[in-house]
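Working notes for the structure below.
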Amino acid sequence: MTQVTSPTTPAARSTSAAATSTTATTSQAELNALVCDSLPPQGCWGDEHYLWLTDRTNRLAEFTDGYVELLPMPTVAHQAILQLLNRLLDAHLAPRGGFVLFAGLRVRIREGNFREPDLAALRRRSDPRNEPRYWQGADFVAEVVSSDDPARDLVDKPRDYAEAGIPEYWIVDPRVETITVLTLSGGAYAEHGVFARGDTATSPLLDGFAVDVTALFDYGQG
């Protein structure tokens with residue numbers, strides 16, 4: 001005699017699959033613990049740990065001598081200033097074969113040190129430092145000073161960017177509405193100029209590139 005079986009409904013199949021999946025799958029807590037256990041403690045990170053982390057997250061993060069720093073979310077004013085500066089720089093560089101990118105682009109300073117500048121540029125897109133995973137340096141970088149830790153942009157990054165041999169660094173400071181242009185000289189930065197409202201900030205490196213300081217900060221105010 002032929003045995004007749006009831007067809008399994010989609011709901012039943014789904015319930016069965018869910019039950020099987022639940023018993024066969026590692027729990028989220030176990031996965032979290034596994035990932036945490038596989039990462040070294042602060043102070044013991046290496047380049048590949050940092051690259052692994054930033055390859056898999058949306059967070060801006062920088063890395064210096066074993067320590068990872070997660071950067072805060074930027075303000076609207078910060079992003080507006082950055083947007084206009086990026087447009088101006090790209091309009092200058094692109095017709096000349098240059099290339100500009102904004103954070104989160106990782107720039108390697110040296111072994112054990114990566115930064116994510118607000119803007120970074122190369123005068124030639126074909127520059128071999130333009131690697132797929134990160135840049136091995138830059139010709140020009142700019143930072144919009146963050147109110148949470150101004151010393152990061154005013155003290156720490158000038159030291160690092162000079163160490164990397166980056167010829168020009170612009171510090172855009174919304175707190176005092178100035179642009180400070182630094183140029184590399186003998187392994188350290190020298191001040192080309194501090195430009196305020198009513199001034200035009202100029203670049204010794206990028207011939208013809210100039211920014212109306214008033215227009216830039218007005219744009220940041222919306």
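What do you reckon, is Arg96 at pLDDT 95 or above and out of contact with any helix residue (DSSP H, G or I) (no Cβ under 9 Å at 6 or more places or on another chain)? Spelling it out, Arg96 is indeed at pLDDT 95 or above and out of contact with any helix residue (DSSP H, G or I) (no Cβ under 9 Å at 6 or more places or on another chain).
Of Arg108, Arg152, all but one fail to be within 23 Å of Arg59 (Cα to Cα), in a strand (DSSP E or B), in contact with a strand residue (DSSP E or B) (Cβ under 9 Å, 6 or more places away or on another chain) and not β-branched (Val, Ile, Thr); the exception is Arg108. Exactly one residue among Ala138, Ala121, Ala61 is surrounded by 14 or more Cβ atoms within 10 Å (Cβ to Cβ) and either more than 20 Å from Gly208 (Cα to Cα) or hydroxyl-bearing (Ser, Thr, Tyr) (or both), and that residue is Ala61. Would you check which residues across region 174-217 are of a type in the set (Asp, Glu) and in contact with a helix residue (DSSP H, G or I) (Cβ under 8 Å, 6 or more places away or on another chain) and list them? Glu177, Asp199 - these are the residues of region 174-217 that are of a type in the set (Asp, Glu) and in contact with a helix residue (DSSP H, G or I) (Cβ under 8 Å, 6 or more places away or on another chain).
Condition check ((1) part of a helix (DSSP H, G or I); (2) closer than 23 Å to Val181 by Cα; (3) in contact with a Pro (Cβ under 9 Å, 6 or more places away or on another chain); (4) of a type in the set (Gly, Ala, Ser)) across all residues:
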position	(1), (2), (3), (4)
Pro74	no, yes, no, no
His78	yes, yes, yes, no
Ile81	yes, yes, yes, no
Leu84	yes, yes, no, no
Ala91	yes, yes, no, yes
Val100	no, yes, no, no
Gly104	no, yes, no, yes
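When you go through (1) more than 28 Å from Asp212 (Cβ to Cβ); (2) modelled with pLDDT of 95 or more; (3) buried (at least 17 other Cβ atoms within 10 Å of the Cβ) one by one for Pro128, which number turns out not to apply? Here Pro128 meets the rest and fails (3).
Selection of region 183-222 for residues being polar (S, T, N, Q), within 24 Å of the chain's Cα centre (by Cα), surrounded by 13 or more Cβ atoms within 10 Å (Cβ to Cβ) and not in a strand (DSSP E or B) yields only Ser203.
The values are calculated or read from the model by the stated rules, or taken from the named source; none is laboratory data. Values in this document were obtained by computation on a predicted structure and should not be read as measured data. Quick reminder, even Gly has a Cβ in these numbers, built from the backbone with ideal geometry, and neighbours come from all protein chains shown.
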